[in-house]
Amino acid sequence: MDRSWRAAWAAWTIVIGLAIWGLADCPRRGDVGLLLRGDKVGAVERGSPAAAAGLAPGERIRLAADPSDESLRLELARLTPGQSLSVVHGQRSATLVARAPSRGLVAYRLAWALVALGFLLLGAAVGRRRRDRVALVFFLWCTASGLVLAPRPAWPIAAGAIAEEILSSAAALFLPALLVHFFALFPESRGRRRKLVAYGLYGGAAAWTLAQGVAATAAPGLQEALLPVGALLFAAGAAGALISFALSYRGASPRHRRRLQVLFWSAAVGLVPLVAMTLWSNLGSDPGALGRLSALLVLCVPAGFAYAIEVHQVFDFRWRPSRDRAVTADALPTTPPVFAAADSRSVVDAVAADLHSRLGLAHCGVFRTEERNGAVLATWLGDLPTPPAPAGLPADVSRALTRLSRPADLGEVGALVEGTASRAALGDLREGGTKLLLPLFSGSRLVATLALGPGLSLDLSLPRHRAALREYAAHASLAVEHADLGAARDDHSRVDRELEVARGIQEHLLPERDPVFPTLAAAGASIPSGRVGGDYYDYLPLGPRRFGVAVGDVCGKGVPAALLVAHVQAALRRHAGAETRPGEVLNALNQELARYHQAEKFVCLAYAVVDAPSRTVTWANGGLHPPLWIKPGDGVHALPGGDLILGVESETRYREHQVHLAPGESVVLLTDGILDARSGNEDFGDSLLPECLGRWAHLRAPRLRDRLLAEARGFHRTGIVDDMTVVVLQAM
């Protein structure tokens, strides 16, 4: 997907450059009132220089000095007012003297240029906020529309004009295929048939483009035959795209139809003139004044999309910043908001409302689990389904979800249940549009099941979306569990059991293995002082031989600290990317935490990007102890860095530092639980840490990590009182 987006952005850059070039040429270009169709005269404007020279539709025309029709197109595009051009039409010679374009013609050219720029800017705005298949197809459609509609620049060389003519004609044929493909995915991804139609149109457009290239270079006579074929292919594809959108609109849920009304009518009003104008251009007919006015109607398409995105959030985001801004489909929420609910029921309702709003789902139903009677429908958000949703889910459906312990589609659950009642309940949900069942647990106990309906531009069947919802459900279950623990705080034995579950969840969030490369190895570990802790470390894959390392220590202890750790971990993974620098990641995370204005949300965190081939470590530090650089034979050195802890001041900017490790050298990131280990009045960090690290400099990273933790734990006489976390990065 990343390669596809890079190629798409490269094409967009070229097209917008051509559009701006053509826009700048509009007022300076001359006009002879001639429209070409291959090597023939397509149309002649009355009273124009072409009419005065005696040119008539259907005549073959060429340059007097060059028989190539592409050279004729190039020279006509270069004409400025007052310049002349000698041509041969039929058996006669004529001289065309370009006149200054009329205000109406200049306005017509500028209108099409503005429509083209509108499509290009709309596609760029969507492409910046979403990175999924729906956005990619829409982005390519906007780019192709911009190429087709933009005025042609005056190329200094014939090869450029020929290439642009072929690409523009090909883009016109790819437009219907892209539209059919887009409306197969949006709204509410629609099966395989429309995608197969789109792939067939892609193939036809590709074959026509190849034939056009052959005609332009080796068989000029073929071009005339290709024009009507291309026009018919475009008309059929465009009609199919409009029908596809109408079917998608008709089949969408009532909630989604309300959000699509403006978009549907703006597309219908704008695309019909676009189809007509492209047909006229391919067939060589003169559109006349009515055709020039159609540019204003085509502008309805990008304007309608822009309105629907802002007002109805059809792509699940808005142009304007908003506290309630929906999360894009390519970046599904992996963690719910920090809920302050008094009981687990309130947390479940808040989770359902959050998913329904943030993902733009048609509906979200809440089935609460009862001890012996399965689950009972408690809340239904959004459109009421037809047939009505079942009043409850049988017990074996709940057992199947408990066995799966993750979001599952109705087919997966149906394969694990037996009995007519269970299959009937699942069948009613399927007919009502439910796409996914998301279970919420308190420990190992199923508390509720959310029935998620379709999203407007969201395909819940994609593996990355399932993975994001699975992580979201894990964090939401932790919030549900925390609410249950608060309600049952007087029952110590139950709290102990729940804390064990919470510890298991927290341990599951830690990395399963350490990254090891031929030139660099990492080794990390975290030991909580209680059942659950406020320290964490994480590895983030950033490429084949690059990874990120995070070491954090949140304020507080116990379950609240564990919840904040989960929130911070998910937020950091959301902000960190392959091209995002450590300082930028901490800046974004700090601004997010500072919005809470709560002291218990403060976090000490260091984030580093490690490049294994070059043995380079680049880091930013938000209040954690400075990293330690172990150089065999030269002792232990504290590296620079140590800005303000995260969550205090939103305007804080975090500096970056870098170190290049020689083979055998190590960098150690650790929390204050190791540094503050005490034996009487003596601190481990002040008295023994530098000496021990210098003595162990020859050890491999895992052995060095284990020895350091063992020495720090043994230094405590009464047991550890603070969480201890360490990550060792060692060059080899």
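Derivation of every value follows stated rules applied to the coordinates shown; laboratory data play no part. Quick caveat, the model's predicted, so the values are computed rather than measured. Cβ: placed from backbone, ideal geometry, glycine included. Neighbour counts: every protein chain shown.
Annotations
- In angstrom, the C-alpha Rg and Dmax of the stretch 332-487 are 14.1, 40.
- Binned Cα-Cα distance frequencies in the stretch 581-634 - 10 Å width, integer %: 20, 41, 25, 10, 2
- Average silhouette area of the stretch 102-161, convex hull of alpha-carbon atoms, in square nanometres: 5.2
- Our coupling estimate for the stretch 516-533, obtained by passing each phi through the Karplus curve with A = 6.51, B = -1.76, C = 1.60 and θ = phi - 60°, is 9, 10, x, 9, 7, 10, 10, 8, x, 6, 9, 10, x, 7, x, 5, 10, x Hz, Gly and Pro reported as x.
- Amide H contacts under 5 Å for Gly524: Val728, restricted to partners 5 or more places along the chain or on a different chain, H placed in the peptide plane at 1.01 Å from N.
- Considering the stretch 386-471 at the alpha-carbon level, its Rg and Dmax are found to be 12.5, 35 Å.
- Each of His716, His181 was scored by other Cβ atoms within 10 Å of its Cβ. Listed from fewest to most, they are His716, His181.
- Each residue of the stretch 695-708 was assigned a 3J(HN,Hα) from its phi angle through the Karplus expression (A = 6.51, B = -1.76, C = 1.60, θ = phi - 60°), giving 6, 9, 4, 7, 6, 5, 4, x, 5, 4, 4, 5, 5, 5 Hz with x at Gly and Pro.
- Exposure proxy order (Cβ contacts within 10 Å, fewest to most) of Trp112, Trp265, Trp208: Trp265, Trp208, Trp112
- Magnitude of the charge dipole, the stretch 332-487, Cβ model with Lys/Arg +1 and Asp/Glu -1, debye to 20: 260
- Gyration tensor over the Cα atoms of the stretch 499-654: the corresponding equivalent ellipsoid has semi-axes (square roots of 5 times the eigenvalues, largest first) of 24, 19, 16 Å.
- For the stretch 89-202, the average shadow cast by the Cα convex hull is 10.9 nm², which is a quarter of the hull's surface.
- The ranking of His637, His575, His356 by Cβ neighbour count inside 10 Å, starting from the fewest, reads His637, His575, His356.
- Residues whose placed amide H lies under 5 Å from that of Ala378, excluding near-sequence neighbours: Val366, Phe367, Arg368
- Under the Karplus curve 6.51 cos²θ - 1.76 cosθ + 1.60, θ = phi - 60°, whole-Hz ³J(HN,Hα) for the stretch 664-675, x wherever Gly or Pro sits: x, 7, 9, 10, 10, 10, 8, 9, 6, x, 7, 5
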